[in-house]
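J.: Take a look at the following structure, please.
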Amino acid sequence: MRMLRARLGNEQDAEDLVQELYLRLARSAEPEVREPAAYLYKMALNLARDHQRERHRSRARDRQWVDATQTELGGEPVVGETPADIAYSAKQKLARLMAALEDLSPQCRTIFTLHKVEGLSHAEISTRLGIGRSTVEKHMTTALKHLVKRLGRD
């Protein structure tokens, strides 16, 4: 444990690797080890090296993602927040949609939600609710016509 803590510089990572070392030893099929202490230390060092490599790769991937998705201006990251007027408009549209959905029958609203929000197919909805596929299609048509009538095609 002390060796791993010194190598990794982190108590939690060292504890995790000691646990991993224990699991590997429990699964090990080595019939007889001449130098058990050396064998144990070698396994621990290999785990530490693998852990450090993975941490390095992870940090490199994170940095690449930040570089690819973030814009910098003068060395400082520019936050890509949605402008307040657009966010407010979106909230208003969502409120109108929710109000329009309340006008639908409970089954029609459920079918619409299962299809458009949860992404289920008509066949999956039919199976889940124990109704015919044509009933699902009729409810979807009703819901869409109602929403277009209430909200327009925007």
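The values are calculated or read from the model by the stated rules, or taken from the named source; none is laboratory data. Quick caveat, the model's predicted, so the values are computed rather than measured. Every residue, glycine as well, gets a Cβ built from its backbone with ideal geometry; the counts of neighbours run over all protein chains shown.
J.: Take the conditions farther than 30 Å from GLU20 by Cβ and of a type in the set (Asp, Glu) and apply them to GLU32. Does it pass?
T.: no
J.: Which ones in the range 1-20 are more than 29 Å from the chain's Cα centre (by Cα) and either modelled with pLDDT of 95 or more or surrounded by 16 or more Cβ atoms within 10 Å (Cβ to Cβ) (or both)?
T.: LEU4, ARG5, ARG7
J.: Going by the conditions given, is ASP62 surrounded by 10 or more Cβ atoms within 10 Å (Cβ to Cβ), acidic (Asp, Glu) and closer than 30 Å to LEU114 by Cα?
T.: When the stated conditions are applied, ASP62 does not pass them.
J.: Now for a separate question. Identify the residue in the range 102-125 that is more than 28 Å from the chain's Cα centre (by Cα) and surrounded by 15 or more Cβ atoms within 10 Å (Cβ to Cβ) and, among all such residues, is nearest to GLY152 (Cα to Cα).
T.: Per the stated criteria, the residue is LEU104.
J.: Pairs, please: C-beta under 6 Å, at least 6 apart or cross-chain, first residue assigned by TED's automatic domain parsing to the domain that holds LEU97 and of a type in the set (Phe, Trp, Tyr) and in the range 111-133, second at pLDDT 95 or above and part of a helix (DSSP H, G or I)?
T.: Every condition considered, the pairs that remain are PHE112/ALA143.
J.: Condition check: among the small types (Gly, Ala, Ser) and exposed (fewer than 13 other Cβ atoms within 10 Å of the Cβ). Does SER134 satisfy that?
T.: Against the criterion (among the small types (Gly, Ala, Ser) and exposed (fewer than 13 other Cβ atoms within 10 Å of the Cβ)), SER134 qualifies.
J.: Go through the range 78-89 and report how many residues are at pLDDT 70 or above and either in contact with a helix residue (DSSP H, G or I) (Cβ under 9 Å, 6 or more places away or on another chain) or aliphatic (A, V, I, L, M) (or both).
T.: The qualifying residues number 4.
J.: Would you confirm whether any residue within the range 51-73 is farther than 30 Å from LEU4 by Cα and either in contact (Cβ under 8 Å) with a residue 40 or more places away in the chain or assigned to a loop (DSSP other than H, G, I, E, B) (or both)?
T.: Yes, the conditions are met somewhere in the range 51-73.
J.: Test GLN92 against the criterion of being out of contact with any Pro (no Cβ under 6 Å at 6 or more places or on another chain), in the same structural domain as TYR22 (by TED's automatic domain parsing) and at pLDDT 90 or above, and give yes or no.
T.: So GLN92 does not fit the description; no.
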